[in-house]
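Reviewing the structure listed below.
The values are calculated or read from the model by the stated rules, or taken from the named source; none is laboratory data. Predicted model only: the values in this text are computed from it and were never measured. All Cβ positions, glycine included, derive from the backbone under ideal geometry; neighbour counts span all protein chains shown. Quick note on the areas: whole protein, heavy atoms, side chains included, nothing else; ligands and nucleic acids left out. Shrake-Rupley method; radii C 1.70, N 1.55, O 1.52, S 1.80 Å.
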Amino acid sequence: IIVAHRRASDGSMVVVVSPITHSAPTDDTLAVELPQAVKRHLGLDEDRSWVVVDEVNEFVWPGYDLQPNAQGEIAYGIIPDRLYQKIRGRLLDAAKDHRLGRVVR
């Protein structure tokens, strides 16, 4: 889930994303489960998935490890604002508590 972006001095787009994983969190405060309706809207699989909210990845868009969807697009769509705000709030809480990790790729 893209949570921020900026234009680098060389003109490339740098994004900050909260990763999505199929691994269930050990602590419910560290991830937000994606509802099945949202997963269907985005064209994701039916397995349960969570957005990690204690780690973000930063990279030049599009990243080498991003997989295109069935239509060949890298961006799968927009999530509902309510879900985005929940993810954003959890990210801000993690940052405030000094628990937010950042991986630059």
Task: Condition check for residue 34: open to solvent by 30 Å² or more (accessible area, probe 1.4 Å) and of a type outside the set (Gly, Ala, Ser) - done: no
Task: Where a residue in the stretch 1-21 is without any contact (Cβ under 8 Å) to a residue 60 or more places away in the chain and within 20 Å of residue 54 (Cβ to Cβ) and its partner, wherever it lies, is assigned to a loop (DSSP other than H, G, I, E, B) and open to solvent by 40 Å² or more (accessible area, probe 1.4 Å), with Cβ under 6 Å and at least six apart - done: 15/61
Open item on the list: One residue is enough: does the stretch 48-63 have a residue meeting the conditions open to solvent by 40 Å² or more (accessible area, probe 1.4 Å), under 14 Å from the mean Cα position of the chain (by Cα) and modelled with pLDDT under 90?
Closed with: yes
- [ ] Considering only the stretch 67-86, state which residues are basic (Lys, Arg) and either within 14 Å of the chain's Cα centre (by Cα) or part of a loop (DSSP other than H, G, I, E, B) (or both).
- [x] 86
Task: Positions within the stretch 53-83 being more than 15 Å from residue 4 (Cα to Cα) and of a type in the set (Val, Ile, Thr), in sequence order - done: 74
